[in-house]
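The structure appears below as structure tokens.
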Amino acid sequence: MINGFRVYDADAHAIMSPAMWRDLPEDFIRRRPRAVRIIDDKDLGRWNTGWLIEGRMEPHVFGPGSHAANTPGIVMEELGTRTNVDKAHGAIPIGCLDLSDPTARLAILDQLGIDAQFLMPSTLYANITEEPAYEAALYRTYNRYMARQCGTQSARLRWTGLLPMRDTRQACEAIEEMQKLGAAAAIVYGTVGNRMLSHSSFAPVWDEFARSGLPLCVHMGSSYGALAELCENILDSNMISKALPANLAFVAIVGHGMLDRYPNLKVGFLEFGAEWIFYMAGRLKHYAVLNKRRMPSSKGLLARDVDDYLKSGRIFVAAEADDAMMTQEMELLGEGQILFSSDFPHDEGRGDAMKEILERHDLSESQKRKILCDNTVRFFDGK
């Protein structure tokens, strides 16, 4: 709690670490991500360590596919690089970063004034592999790890489960397992490789997901390889490969009728910012009207007016604390749809974000309370 306001953080992270795949099935244990350190590390800055995944090192920060993400140097003392990272992270204990010591995370939450966090995985999972069985193994191993680590502190440390969309059987099994293990939500990225979330092959997964009643988190990540290949540096990645999939997911979920097919589905868009919603809403309204005039049938058209979807109370976005258009975003979606996120413990984490929101003069006390707590509780818990 800070200044009398409860704070529920809708998007924090558990830093990727080897502990997350110790329980990989025997068929895949030799292919587990392995930590590597670059000896010739001139000009690499803090990205002089990485994960060897499927014959490539991730993250890398120069050349096609560049992006910034969790590095093993953050959580592995034996690599000898943590002193550099600690300057950015404020010497946060490893157990807090990767949840190997949940009590260490709680101690930091107490210092920050955060009552509860909803924990998301590393964005590296967005494109960790294209092999369905291996993706499912990695995702489900991560889910079990997070369930174990958060289990004794489930009131304050809430985890979201990765949904292995490429393998229908395992995706459905993972949904059932998430429910048994106490997941707060399921997480996907903006696409599943080169397929939209609404692709017909995923219908059995979404049918099962709808029965679960879990909310869906769409998180930032370089999920679409064609966009990633355009990126020559980490700025490109932040602007293109990690950001644009939000638009693709919005088209899939709203434009392709997922909100109609699944009337109880709630979707939160996390770490994309919120300004993009204006462009997508405007374009959707424009073409919804235009296409009704020029299409010979209703196939491919929206079943309802665009504003009905936007005002349905089922679309949530996590906005930045200094977002100048936050009040307009509330007008577009509703005051109950804006989520607060810290991105802790990433080095771009917004440690003062709560204070920034509390100090804003364009938000009422009621709106601040909704953003910092109530909206997140309603999204994840339906309260």
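Inside segment 359-383, can you point out the residues that are surrounded by 15 or more Cβ atoms within 10 Å (Cβ to Cβ), among the basic types (Lys, Arg) and within 27 Å of THR160 (Cβ to Cβ)?
Pass one, segment 359-383, residues surrounded by 15 or more Cβ atoms within 10 Å (Cβ to Cβ): 360, 363, 367-380.
Still in the running and among the basic types (Lys, Arg): 360, 368-370, 378.
Correct list: LYS368, ARG369, LYS370, ARG378.
Consider only pairs whose beta carbons are under 8 Å apart and that are at least six residues apart or on different chains; among these, list those whose first residue lies in segment 165-185 and is among the basic types (Lys, Arg) and whose second residue is modelled with pLDDT of 95 or more.
Final answer for the pair search is ARG166/GLU131; ARG166/PRO132; ARG166/GLU135; ARG166/ALA136; ARG166/VAL192; ARG166/GLY193.
With the checklist (1) more than 19 Å from the chain's Cα centre (by Cα); (2) under 26 Å from GLY334 (Cα atoms) in hand, flag the one item ILE277 doesn't pass.
(1)
In segment 163-185, how many are under 23 Å from ALA228 (Cβ atoms) and touching a Gly at 6+ places or on another chain (Cβ under 8 Å)?
1
Looking at (1) within 22 Å of MET280 (Cβ to Cβ); (2) within 16 Å of the chain's Cα centre (by Cα); (3) not in a helix (DSSP H, G or I), which is the one condition that is false for PHE379?
Condition not satisfied by PHE379: (3).
Please give the number of the condition VAL188 fails out of (1) free of Cβ contacts under 8 Å to residues at least 12 places away in the same chain; (2) under 17 Å from ILE128 (Cα atoms).
It is condition (1) that VAL188 fails.
For segment 65-102, enumerate the residues that are polar (S, T, N, Q), modelled with pLDDT of 90 or more and over 20 Å from the mean Cα position of the chain (by Cα).
Of everything in segment 65-102, just one residue is polar (S, T, N, Q), modelled with pLDDT of 90 or more and over 20 Å from the mean Cα position of the chain (by Cα), namely SER100.
Mind listing whichever residues of segment 148-163 are of a type in the set (Lys, Arg) and buried (at least 24 other Cβ atoms within 10 Å of the Cβ)? Can you show your working first?
Taking segment 148-163 and keeping what is of a type in the set (Lys, Arg), we get 148, 156, 158.
Within segment 148-163, ARG158 is the sole residue that qualifies.
Kindly indicate the residue of segment 335-357 that is surrounded by fewer than 18 Cβ atoms within 10 Å (Cβ to Cβ) and in contact with a helix residue (DSSP H, G or I) (Cβ under 6 Å, 6 or more places away or on another chain) and also modelled with the lowest pLDDT among those meeting that condition.
Among those that are surrounded by fewer than 18 Cβ atoms within 10 Å (Cβ to Cβ) and in contact with a helix residue (DSSP H, G or I) (Cβ under 6 Å, 6 or more places away or on another chain), it is ASP347.
I need the helices (runs of 4 or more DSSP H) fully contained in segment 312-376, keeping only those with at least 3 residues that are more than 27 Å from LEU97 (Cβ to Cβ). Steps first, please.
On the way: elements: 326-333, 353-359, 365-369.
Because the criterion is at least 3 residues that are more than 27 Å from LEU97 (Cβ to Cβ), the helices (runs of 4 or more DSSP H) in segment 312-376 that meet it are 326-333, 365-369.
What is the one condition in (1) within 30 Å of PHE5 (Cα to Cα); (2) under 18 Å from the mean Cα position of the chain (by Cα) that LEU124 does not satisfy?
(1)
Return the pairs, sorted by first residue and then second, in which the second residue is outside any loop (DSSP other than H, G, I, E, B) and not aliphatic (A, V, I, L, M), the first residue lies in segment 284-312 and is modelled with pLDDT under 80, the beta carbons are less than 8 Å apart, and the residues are 6+ apart or on different chains.
Hits for this filter: GLY300/ASN291; LEU301/ASN291; LEU301/LYS292.
Determine, yes or no, whether THR123 is touching a strand residue (DSSP E or B) at 6+ places or on another chain (Cβ under 8 Å), over 26 Å from PHE340 (Cβ atoms) and among the hydroxyl-bearing types (Ser, Thr, Tyr).
On the way: touching a strand residue (DSSP E or B) at 6+ places or on another chain (Cβ under 8 Å): yes; over 26 Å from PHE340 (Cβ atoms): no; among the hydroxyl-bearing types (Ser, Thr, Tyr): yes.
No: the conditions fail for THR123.
The values are calculated or read from the model by the stated rules, or taken from the named source; none is laboratory data. Here the structure is a predicted model, which means the values were calculated and not measured. Don't worry about glycine lacking a Cβ; one is built from the backbone with ideal geometry, like all the others, and counts go over all protein chains shown.
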